[in-house]
Amino acid sequence: MSDKTSNDMADDMANRMAVDCLGAGCASLSLAARASEFVNHHFTIIDPGTHKADDHIWGFWAMPWLNSASDGARKQWFKWRIISSDRIIERSSQGYPYSAIHRYEWLEKCRKKALVAGVGFRSKPARKQALQILDSRPSPMKDGMMLQHFSGYEITTDRNVFDSTIAILMDFRCDQSRGVHFIYCLPFSARNALVESTLFSPELAPEPFYDSAIRRYLKEIIGIDDYRITRREKGVIPMATLPQRDPHLTGIGANGGAIRPSSGYAFSFIQKQIDQIIASAKPGQPLTVKTPHSRFELFMDGIFLRVIRRHPVLAPQIFTAMADRLTGDEFALFLSGEAGPRLWTKLVLAMPKWPFLCAVFQSDKAGKS
């Protein structure tokens with residue numbers, strides 16, 4: 001690159017609005033990877049590098065705004081199941097396959113794109129204050145709120161035991177004594193799968209609980225007790241809309257309302273939020289960040305969370321009824337925040353009426369739903 005070109009680039013950056021992004025997680029790096037789409041803003045990632053999360057899988061349905069992630073997916077499944085003690089609901093979609101991507105691979109891909117686009121990386125803010133600060137640091141989780149918590153591992157075996165064409169999103173054939181509990185199983189091949197014990201409840205379970213559930217599932221449902229653990233992962237996700245960590249800054253990602261309360265899904269909604277930021281960007285103006293969920297969706301999520309908090313035993317019935325009522329495409333669209341009035345009507349009619357009607361007129365204490 002010539003000196004003239006370098007100077008031109010420096011002048012161009014100097015004429016743009018300076019935006020600092022606090023944190024180097026999914027939201028900040030996903031935004032920075034698309035810096036070339038912002039002609040009036042220049043980004044700097046501020047990350048002290050003191051927090052390093054373990055690698056884990058992010059799942060999503062391959063929606064149109066996720067083409068880049070879909071291209072980098074480790075695997076996609078065009079069929080998936082939700083299973084209770086007495087029902088197996090299988091659905092499929094050719095247009096919206098369920099996809100899995102590694103956290104580390106996505107973040108590294110974004111980092112490389114960001115560097116090419118001229119995004120700066122610093123361990124602390126520069127002396128000159130940026131004109132806008134986007135804060136991606138997650139808010140603290142309040143005591144008593146509903147959580148999605150999980151622990152699991154990737155395993156390999158010496159014989160073919162998994163159907164690699166079907167993702168098991170929820171299998172409720174496990175211990176239900178501690179709340180809504182299911183096994184999540186993504187088979188990458190006939191001999192390799194990620195298996196997780198997942199709970200929706202306000203309190204974390206002891207680590208042996210998750211491990212015991214997985215081992216029992218592998219032995220009694222899959223039919224194996226001889227396997228190698230190649231990787232472990234665990235996490236805790238708030239199933240709630242949290243206040244911003246610092247109300248004086250602009251929240252983004254989990255700190256900007258991107259997590260879907262009813263499911264804990266965030267990856268897809270973060271990408272949707274970034275699309276909104278790009279579409280609304282204006283010269284000389286701070287970037288506008290909005291939650292990617294409608295007020296109606298959040299209202300309905302609140303009702304749903306009140307039901308499963310008070311009646312966790314109904315969860316297998318609720319989720320299998322939902323999957324049974326919807327087509328595969330509709331199921332993927334709903335969980336990706338793309339449900340219209342007709343789809344919502346189908347869902348409401350599929351739910352057990354009395355618990356949901358009661359939940360409409362009930363409310364939880366602050367921070368618990």
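Throughout, read-outs are computed from the coordinates displayed, never taken from laboratory work. Because the structure is predicted, anything quoted here is derived from the model rather than measured. Using ideal geometry, Cβ is built from the backbone for each residue, glycine included, and neighbour counts are taken over all protein chains shown.
The table below gives the values:
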| item | result |
| --- | --- |
| Options S164, I57, P138, ranked by Cα towards positive dipole end of the chain, top entry (Cβ charges) | P138 |
| For L134, distant residues with modelled amide H under 5 Å away | D20, C21, L22 |
| Gain on full stretching of the segment that runs from D225 to Q362 - 0.36 nm per residue minus C-alpha separation | 44.8 nm |
| Of K52/K112; K75/K109; K52/K124; K52/K79; K142/K234, those spanning more than 22 Å from alpha-carbon to alpha-carbon | K52/K79 |
| Under-5 Å amide H pairs with G120, H placed in peptide plane, nonlocal only | F43, T44, I45 |
| DSSP-defined beta bridges in the chain - what % are antiparallel, rounded to 5 | 70 |
| Dipole magnitude of the chain about its Cα centre (Cβ charges: Lys, Arg +1; Asp, Glu -1), debye to nearest 20 | 480 |
| Whole-Å distance, taken between Cα centres, linking the stretch 211-274 and the stretch 73-88 | 17 |
| FRET efficiency, 1/(1 + (r/R0)^6) with R0 30 Å, evaluated for R122 and Q244 via beta carbons | 0.85 |
| Burial ordering of F209, F304, fewest other beta-carbon atoms within 10 Å first | F209, F304 |
| Backbone HN-Hα couplings from phi across the stretch 275-282 [Karplus 6.51/-1.76/1.60, Hz, Gly and Pro as x] | 4, 5, 4, 5, 5, 9, 5, 10 |
| Over the chain: helical MRE at 222 nm, DSSP H runs n ≥ 4 each giving -39500 (n - 2.57), nearest 500 | -9500 deg cm²/dmol |
| Sorted by Cβ neighbour density within 10 Å, fewest at the top, the residues R295, R137, R260 | R295, R137, R260 |
| Charge dipole magnitude, Cβ of K and R +1, D and E -1 - the stretch 244-369, Cα centre, debye nearest 20 | 380 |
| Integer Hz, Karplus 6.51/-1.76/1.60 couplings in order for the stretch 74-86, x for Gly and Pro | 5, 7, 10, 10, 8, 9, 8, 10, 10, 10, 10, 5, 10 |
| Fewest-first sequence of E338, E105 by Cβ atoms within 10 Å of each Cβ | E105, E338 |
| About the Cα centre, charge dipole magnitude for the stretch 147-238 (Lys/Arg +1, Asp/Glu -1 at Cβ), debye | 100 |
| Residues whose placed amide H lies under 5 Å from that of F188, excluding near-sequence neighbours | A193, L194 |
